[in-house]
Amino acid sequence: MADNNISVTAGEFSQQQMNDKAIIVQILVVVFLCINFLLIVTFISKDVFYTTMRYILFAVTLLSDSIILIVSDVLLILIYFHVTMQVGLCVFVYILLVLCTFVTPVTLTAMTLERYVAICMPLRHAELCSTRNALYCILIIHGISSVPCIIILSIFFSLTSNTLYTQHRICSMNMFVFLRWQDHVKLGVYQCYFLIMIITIIFSYVNIMKVAKATSGENKKSSWKGIRTVILHAFQLLLCLIQLWCPFVETAVLQIDFTLYSHVRYFNYLTFNLAPRCLSPLIYGLRDEKFFLALKYTIPFRLHCAKNNV
């Protein structure tokens with residue numbers, strides 16, 4: 001009898017922990033979405049932002065991060081309440097999630113190259129980083145980001161029957177990888193992206209560092225600011241890329257202990273999914289002088305409008 005009471009109490013405690021974790025995630029998601037929305041409004045408010053490449057790319061990361069936050073949170077809620085979804089619809093959700101998951105780190109890499117051009121090739125910056133080239137860059141970013149999704153889904157479609165797409169299942173990203181060698185292909189693709197992006201970051205950092213040491217005055221100040229921006233991009237990029245490895249770690253932990261798997265998955269979601277989404281506002285929302293001034297104007301302006309409406 002005592003053992004039964006202990007089991008019931010443990011079960012209630014475990015359920016309470018799950019409820020608390022779900023509430024914390026909802027609060028963080030809402031906070032980050034509000035911040036992103038405020039930054040997007042600020043971006044739209046000034047002509048200079050959507051005619052400058054680095055701000056355009058910044059807006060791309062904000063939109064991508066917001067989509068990831070919304071879609072992943074909806075999936076989390078559906079899984080929490082054990083709500084099933086048609087597999088065909090889940091495929092569409094998977095495409096959106098994987099695409100946006102890669103868009104953020106690829107865009108961060110492009111933003112690092114933009115800083116490299118601005119500091120190391122200042123005379124060609126206006127030509128290479130024009131508004132038209134920014135639009136081409138966005139197309140290239142989404143094209144590169146779609147490659148992993150195409151590879152993974154092509155393998156999935158070749159191994160499944162058409163009847164699967166009309167079935168209803170809990171929509172989880174793990175359902176698209178059910179053979180060991182699929183994991184190896186997926187990991188190989190992710191590692192290629194990781195290496196290319198890291199090499200690009202290191203290349204940009206080393207060259208900007210050389211320019212910073214060789215220049216003086218305002219140019220030196222600008223160069224060192226560029227170095228700090230590249231370092232923040234590198235840290236944010238590292239968190240995003242670690243996120244790509246999380247499913248492999250979680251799969252290995254699941255074979256050991258389910259409770260540990262639950263804790264690891266929750267930690268990974270907070271650290272490598274939510275945390276990188278709050279670094280973009282830090283890098284361009286607070287550190288960039290033009291954007292910060294526009295942001296300071298936007299907040300009081302919105303509050304003033306709200307008071308007038310009341």
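Values computed for the structure shown
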| read-out | value |
| --- | --- |
| Distance between the range 251-276 and the range 127-177 - C-alpha centres, whole angstrom | 24 Å |
| Check: the range 131-255 dipole with +1 on Lys, Arg Cβ and -1 on Asp, Glu Cβ, in debye | 540 debye |
| Rounded, prolate or oblate (a/c below 1.5 giving rounded, otherwise prolate when a/b exceeds b/c) for the range 101-141 by Cα gyration tensor | oblate |
| Accessible area per residue, Å², the range 35-187 with all protein chains present, probe 1.4 Å | 48 Å² |
| ³J(HN,Hα), Karplus 6.51/-1.76/1.60, whole Hz, each residue of the range 25-35, x for Gly, Pro | 4, 4, 5, 5, 4, 4, 4, 5, 5, 5, 5 |
| Built amide H within the under 5 Å cut-off of Met85, gap 5+ | Arg169, Ile170, Cys171 |
| Listed pairs Lys225/Lys296; Lys21/Lys46; Lys186/Lys210; Lys46/Lys213 exceeding 31 Å between Cα atoms | Lys21/Lys46; Lys186/Lys210; Lys46/Lys213 |
| The range 148-163 - phi-based ³J(HN,Hα) in whole Hz, Karplus 6.51/-1.76/1.60, Gly and Pro as x | x, 5, 5, 5, 5, 6, 4, 5, 4, 5, 6, 9, 10, 8, 5, 5 |
| Residue-by-residue Karplus 3J(HN,Hα) for the range 85-91, coefficients 6.51, -1.76, 1.60, Hz, glycine and proline x | 9, 5, 4, x, 5, 5, 4 |
| Rg in Å to one decimal, and Dmax rounded to a whole Å, for the range 137-252 via C-alpha atoms | 20.0, 67 |
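The values are calculated or read from the model by the stated rules, or taken from the named source; none is laboratory data. Only a predicted model underlies this, so the values are computations on that prediction, with no experimental measurement involved. Every residue, glycine among them, receives a Cβ derived from its backbone with ideal geometry; neighbour counts consider all protein chains shown. Heads up: the accessible areas ignore ligands, DNA and RNA and are worked out on the full protein's heavy atoms, side chains in. Shrake-Rupley method; radii C 1.70, N 1.55, O 1.52, S 1.80 Å.
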